Amino acid sequence: MRNTAVAATALLAALSLTACQSTDDDAKKAGASAPATSAPAADKTGSTTEAKTPAKTPAGGTAEQPTTGTRPTSAGKGKTGGGSGTDTGPVTTACTDANTKVTVTKVSRPINHLLLTVTNTGSKACNAYHAPLLRVDEGQAVTRVMDESKPQAVVTLSPRQSGYASILLSSADGSGENGRTSKTLGVLFAPRNGSGSIGNPHVLTLPANTYTDDSVAVSYWQSSMSDALTY
């Protein structure tokens, strides 16, 4: 009987040990399969890096974008500030007979001069390049241009704005040749490169008793009447 009791006690101890080992193994397996949780990483300064808040999505389904303070222009480039958002490029349209009106008038000073006025009648700005190309009456040669009157910049005319050129009719001392009374004036415009002419001529009636000789000359287009009548 005593031997039987000792054997039973040993069997119970073995079973208890096996149960403990099984419990420990299960705990280890559970610990290995559980996801690791750790505190947010700290940057080099010791501060904790926080996750960025995602952009809010409105009802329409498009995420709101941060405001940058720039407005896109019609060409797609950003324009900083509170402007209209439209960039204006340089004027490249030439003034011609199609977008202008030209008039000629007498002036009291300087003597032997006329004033030529060109007005932009179009809807866009145009450039009055170089000097007007003039033909007096049926003359074949283009009137001489006064080179000293060349302005520093091309004269650009906005709609309804005017430009000016002066016309020297004859020499002041009477030294000019082939003096005559002239009736008409043809006015053509020069292209940007200054070679030849563009468009059709404006044909104007000169003021009564306009006397001309071979000294006839014209200034470059000017932005003001006073500048034109300097020459």
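The values are calculated or read from the model by the stated rules, or taken from the named source; none is laboratory data. None of the values given here were measured: they were computed from a predicted structure. All Cβ positions, glycine included, derive from the backbone under ideal geometry; neighbour counts span all protein chains shown. Just so you know, the surface numbers come from the protein's heavy atoms only, side chains and all, with ligands and any DNA or RNA stripped out. Shrake-Rupley method; radii C 1.70, N 1.55, O 1.52, S 1.80 Å.
Annotations
- Length gained on full extension, THR121 to LYS106: 3.1 nm, using 0.36 nm per residue less the C-alpha separation.
- Among 121-130, 190-199, sorting by the average number of other beta carbon atoms lying within 10 angstrom of each residue, highest first, gives 121-130, 190-199.
- Share of carbon and sulfur in the accessible area of the range 78-196 stands at 48%, probe radius 1.4 Å.
- Per residue, the range 105-231 exposes an accessible area of 53 Å² to a 1.4 Å probe, with every protein chain left in place.
- Extended-chain gain in nm, criterion 0.36 nm per residue less alpha-carbon gap, ASN178 and VAL203: 6.8 nm
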